[in-house]
Amino acid sequence: MPRFDDLRFRAGDLTLAGTLALPTTDGRLPWALLVPSWLPRDRDGGWDRGGHRGWYEPMDVEAPAGLFARLADALAERGVASLRYDPRGCGESDGTWETTDLFSRLDDARDAIGAMRSRRELDLRRCAVVGHGEGAVVALSVAIGDPAVGAVGLIGPSARSWRDVLRRGVAERSRTGADRRHPVVTALDRSAEELIERAERRQVSVPIRIGDAVVDLGLAAWEQAFHTPALALATMLHRNVVIAHGTADAWADPDESRLLDAVLRDAGNEPVLQEIEGAGHDLAEAGDARIGAFADALVGRMEPRELPPVLVAIEQMGAEG
């Protein structure tokens, strides 16, 4: 069984909280950072019902394990450590989710990686970043700018502008009713066109009614995401990539991953695309074997990387300690 440590790290002026899963194996461990999708979630990948009461349908029974909790277990079984964390304003992390922009989310992921690199039990030369949903933009951006990241995992990513993906998702959820039981999803879908219009005009926020409350939703992150499609980032990435996408995803159509796969190949990569029949955005319908298959593909592509001088120095200090 892996050891689970509570980990807190600085992200600008804030402190973010997470869980570090450490396999009980000898030697320095390869590791992965797990970057969540955008709607308020906890570190395990589930909806943030605690920090955002009234935003989600209450659970009558204990919630099943979230995507990242399942993935962390699968990675640990394969000897890989992982960090999953509460986004700003969610779970035990400081800050406010509603006003966090995309670039702050990027900085948070980089700060999380910095916290991991201070751990002596981890192998600085073998690491990966996994992005779920809109977290794919964060994962790709971090990997492009960090030569020590050896592999990238994408789960249910969008490829095109989030403006277009949002509109397609609204239509799909209207057709299927997927996730419409949650007040925040209903509110977001109802206000999507106003949100897009205001974001394009670079207005600061849009008021949306979630249940009985009116929430002022900051628009900086949305406007930035509209103009930072994962597709454009993929053309700049030269790394090992593993993609998983549920065929019943009501937030990003599987065509998004197929398009990313094609663009990555054109850029000289050899990505692995796993389509999971009948699974939604969170892969809740996917059995443990399918989560394990994603973990196997990712672990198999976490090749050792050459380190920049500053990380070589950190590695040597860890060895001397």
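The values are calculated or read from the model by the stated rules, or taken from the named source; none is laboratory data. In this text, all values refer to a predicted model and were calculated from it rather than measured experimentally. Positions of Cβ are generated from backbone atoms using ideal geometry, with glycine treated the same way; all protein chains shown enter the neighbour counts.
Among the residues making up the range 227-247, those that are farther than 21 Å from Leu34 by Cβ and either in contact (Cβ under 8 Å) with a residue 40 or more places away in the chain or surrounded by 22 or more Cβ atoms within 10 Å (Cβ to Cβ) (or both) are His227, Pro229, Leu231, Met236.
You will find that of Arg190, Arg160, the residue that is in contact (Cβ under 8 Å) with a residue 40 or more places away in the chain, among the charged types (D, E, K, R), surrounded by fewer than 23 Cβ atoms within 10 Å (Cβ to Cβ) and over 23 Å from Gly278 (Cβ atoms) is Arg160 and no other. Looking at Ala159, Ala139, Ala148, just one residue is in a helix (DSSP H, G or I) and touching a Leu at 6+ places or on another chain (Cβ under 7 Å), and that residue is Ala139. Among the residues of the range 283-313, those that are in a helix (DSSP H, G or I) and at pLDDT 90 or above comprise Asp288, Ala289, Arg290, Ile291, Gly292, Ala293, Phe294, Ala295, Asp296, Ala297, Leu298, Val299.
Would you mind stating whether Ala171 is out of contact with any Asp or Glu (no Cβ under 6 Å at 6 or more places or on another chain) and outside any helix (DSSP H, G or I)?
On the way: out of contact with any Asp or Glu (no Cβ under 6 Å at 6 or more places or on another chain): yes; outside any helix (DSSP H, G or I): no.
Answer is no for this residue.
Looking at Val184, Val215, which one is touching a Pro at 6+ places or on another chain (Cβ under 8 Å), in contact (Cβ under 8 Å) with a residue 60 or more places away in the chain and under 26 Å from Ser257 (Cβ atoms)? Explain how you work it out, then say what you get.
Working: Val215 fails: under 26 Å from Ser257 (Cβ atoms).
That would be Val184, the only listed residue that is touching a Pro at 6+ places or on another chain (Cβ under 8 Å), in contact (Cβ under 8 Å) with a residue 60 or more places away in the chain and under 26 Å from Ser257 (Cβ atoms).
Here Val206 does not fit the description of being at pLDDT 95 or above, touching a Gly at 6+ places or on another chain (Cβ under 8 Å) and either over 23 Å from Pro157 (Cβ atoms) or not in a helix (DSSP H, G or I) (or both). Considering only residues in the range 207-226 that are buried (at least 19 other Cβ atoms within 10 Å of the Cβ) and among the β-branched types (Val, Ile, Thr), the one that is nearest to Trp162 (Cα to Cα) turns out to be Ile208.
Can you tell me which of Gly91, Gly50, Gly79, Gly27 is part of a loop (DSSP other than H, G, I, E, B), under 23 Å from Phe9 (Cβ atoms), of a type outside the set (Ser, Thr, Tyr) and over 18 Å from the mean Cα position of the chain (by Cα)?
Details: Gly91 fails: over 18 Å from the mean Cα position of the chain (by Cα); Gly79 fails: under 23 Å from Phe9 (Cβ atoms); Gly27 fails: under 23 Å from Phe9 (Cβ atoms).
Exactly one of Gly91, Gly50, Gly79, Gly27 is part of a loop (DSSP other than H, G, I, E, B), under 23 Å from Phe9 (Cβ atoms), of a type outside the set (Ser, Thr, Tyr) and over 18 Å from the mean Cα position of the chain (by Cα), namely Gly50.
No other residue among Gln316, Gln274 is modelled with pLDDT under 95 and not in a loop (DSSP other than H, G, I, E, B) apart from Gln316.
For (1) assigned to a helix (DSSP H, G or I); (2) among the aliphatic types (A, V, I, L, M); (3) closer than 19 Å to Gly292 by Cα; (4) touching a residue at least 60 places away in the same chain (Cβ under 8 Å), each residue gets a yes or a no:
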| residue | (1), (2), (3), (4) |
| --- | --- |
| Leu71 | yes, yes, yes, yes |
| Pro87 | no, no, no, yes |
| Ser104 | yes, no, no, yes |
| Ile113 | yes, yes, no, yes |
| Arg119 | no, no, no, yes |
| Ala143 | yes, yes, no, yes |
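Answer yes or no: is there a residue in the range 6-16 that is closer than 17 Å to Phe68 by Cβ and crowded, with 22+ Cβ neighbours inside 10 Å. Yes: one or more hits. The set of residues in the range 255-278 that are buried (at least 18 other Cβ atoms within 10 Å of the Cβ) and either of a type in the set (S, T, N, Q) or within 18 Å of Arg168 (Cα to Cα) (or both) comprises Glu256, Ser257, Leu259, Leu260.
Candidates in the range 279-296 are the residues that are more than 19 Å from Gly46 (Cα to Cα) and without any contact (Cβ under 8 Å) to a residue 60 or more places away in the chain; of these, the one that is surrounded by the fewest Cβ atoms within 10 Å (Cβ to Cβ) is Ala289.
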